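J.: First the structure, then my questions, so here it is.
The values are calculated or read from the model by the stated rules, or taken from the named source; none is laboratory data. As the structure is a computational prediction, the values presented were derived from the model and not from experiment. All Cβ positions, glycine included, derive from the backbone under ideal geometry; neighbour counts span all protein chains shown.
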Amino acid sequence: MIKNIAIFASGEGTNAQTIIDYFKTSNQVKIALVVSNKSTANVLNRAKNNNIDTLIIDKHSFTETNEVIDVLKKANINLIVLAGFLWMIPENLIKAFPNKIVNIHPALLPKFGGKGMYGMNVHKAVIEAKEKESGISIHFVNEKYDEGKIISQHKCEVSETDTPENLAQKIQQLEHEHFPKVIENIL
Ligand code: GAR
């Protein structure tokens with residue numbers, strides 16, 4: 001039976017794009033829906049260019065109602081993939097999709113996780129802490145920010161001359177290389 005993925009993203013969507021591309025020719029996995037909290041997020045253009053349904057959500061319906069869950073269930077979603085999605089996932093959604101929500105974080109959790117730790121903020125913190133390595137963490141989502149069970153981590157070196165910007169590039173490369181494959185394994 002075909003497995004349906006919903007990708008949640010808030011911004012550019014380069015990870016969403018690599019996932020879309022990876023499964024484009026698959027007859028077992030379909031990217032059925034792209035969900036965003038931001039109507040201007042480029043990830044929505046990427047979805048439209050690939051004929052993928054989109055859903056723009058507002059905070060009230062997301063956190064206070066079951067509307068989003070209803071849409072996901074109706075679309076027979078098997079896995080929710082958070083690819084740069086910046087809102088906390090409410091408990092009703094976690095309960096409706098137990099162990100079926102995965103997130104990618106641009107650092108080696110449990111370090112550099114938690115509220116406010118996203119995108120460039122993470123890379124700045126890693127450089128400031130003079131870490132010798134960083135990387136990506138792919139993990140299940142639970143009720144606490146960035147604390148769900150880790151599925152896999154991939155590392156890169158941080159050199160003394162690295163800036164947050166070029167660390168971001170290294171991390172993005174790791175994300176694009178590993179995230180689609182890890183999703184395939186989970187499925
Ligand atoms: C990615 O680097 C992802 O790890 C990060 O947002 C970026 C989204 O990039 N997520 C977080 O920081 C979550 N705490 P993209 O829109 O180009 O895929």
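J.: Could we say that Leu79 is buried (at least 17 other Cβ atoms within 10 Å of the Cβ), over 22 Å from Glu177 (Cα atoms) and more than 15 Å from the ligand (Cβ to nearest atom) here?
T.: No.
J.: Another question, if that's okay. Could you check the stretch 14-92 for helices (runs of 4 or more DSSP H) lying wholly inside it with 2 or more residues that are under 18 Å from Ile186 (Cα atoms) and at pLDDT 95 or above? It would help to see each step written out before you state the result.
T.: Working: elements: 14-23, 42-49, 59-64, 67-74.
Correct list: 14-23.
J.: Still on this model: Quick check: anything in the stretch 5-13 closer than 20 Å to Glu175 by Cα, over 14 Å from the mean Cα position of the chain (by Cα) and of a type outside the set (Gly, Ala, Ser)?
T.: Taking every residue of the stretch 5-13 in turn, none turns out to be closer than 20 Å to Glu175 by Cα, over 14 Å from the mean Cα position of the chain (by Cα) and of a type outside the set (Gly, Ala, Ser).
For every residue, the table says whether it meets (1) crowded, with 17+ Cβ neighbours inside 10 Å; (2) near the ligand (Cβ under 7 Å from one of its atoms); (3) at positive phi; (4) under 15 Å from the mean Cα position of the chain (by Cα).
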site	(1), (2), (3), (4)
Trp87	no, no, no, yes
Asn92	no, no, no, no
Lys95	no, no, no, no
Ile104	yes, yes, no, yes
Leu109	yes, no, no, yes
Gly113	yes, no, no, yes
Asn121	no, no, no, no
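J.: So which residues in the stretch 12-23 are surrounded by fewer than 20 Cβ atoms within 10 Å (Cβ to Cβ) and near the ligand (Cβ under 9 Å from one of its atoms)?
T.: Glu12, Thr14, Thr18, listed by residue number.
J.: Among the residues of the stretch 149-169, is there at least one that is in contact with a Pro (Cβ under 9 Å, 6 or more places away or on another chain), closer than 24 Å to Leu44 by Cβ and either touching a residue at least 12 places away in the same chain (Cβ under 8 Å) or away from the ligand (no atom under 14 Å from the Cβ) (or both)?
T.: yes
J.: Hey, another quick one. Kindly indicate whether any position in the stretch 24-33 is without any contact (Cβ under 8 Å) to a residue 60 or more places away in the chain, under 20 Å from Ile104 (Cα atoms) and of a type in the set (D, E, K, R).
T.: yes
J.: Can you list residue pairs whose Cβ atoms sit under 8 Å apart, with the first residue in the stretch 115-129 being modelled with pLDDT under 90 and the second being near the ligand (Cβ under 9 Å from one of its atoms) and assigned to a loop (DSSP other than H, G, I, E, B)? Count only pairs 6 or more apart in sequence or on different chains.
T.: Lys115/Tyr145
One line per residue, one yes/no per condition, for (1) out of contact with any helix residue (DSSP H, G or I) (no Cβ under 7 Å at 6 or more places or on another chain); (2) loosely packed, with under 12 Cβ neighbours inside 10 Å:
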| site | (1), (2) |
| --- | --- |
| Tyr145 | yes, no |
| Thr161 | yes, yes |
| Leu167 | no, no |
| Lys170 | yes, no |
| Ile183 | no, no |
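J.: Same structure again: What residue, among those in the stretch 123-145 that are part of a loop (DSSP other than H, G, I, E, B) and more than 12 Å from the ligand (Cβ to nearest atom), is nearest to Glu157 (Cα to Cα)?
T.: Selected residue: Lys132.
J.: Mind checking which residues of the stretch 146-180 are part of a loop (DSSP other than H, G, I, E, B) and out of contact with any Asp or Glu (no Cβ under 9 Å at 6 or more places or on another chain)?
T.: Passing the criteria: Asp146, Glu147, Gly148, Lys149, Ser159, Glu160, Thr161, Asp162, Thr163.
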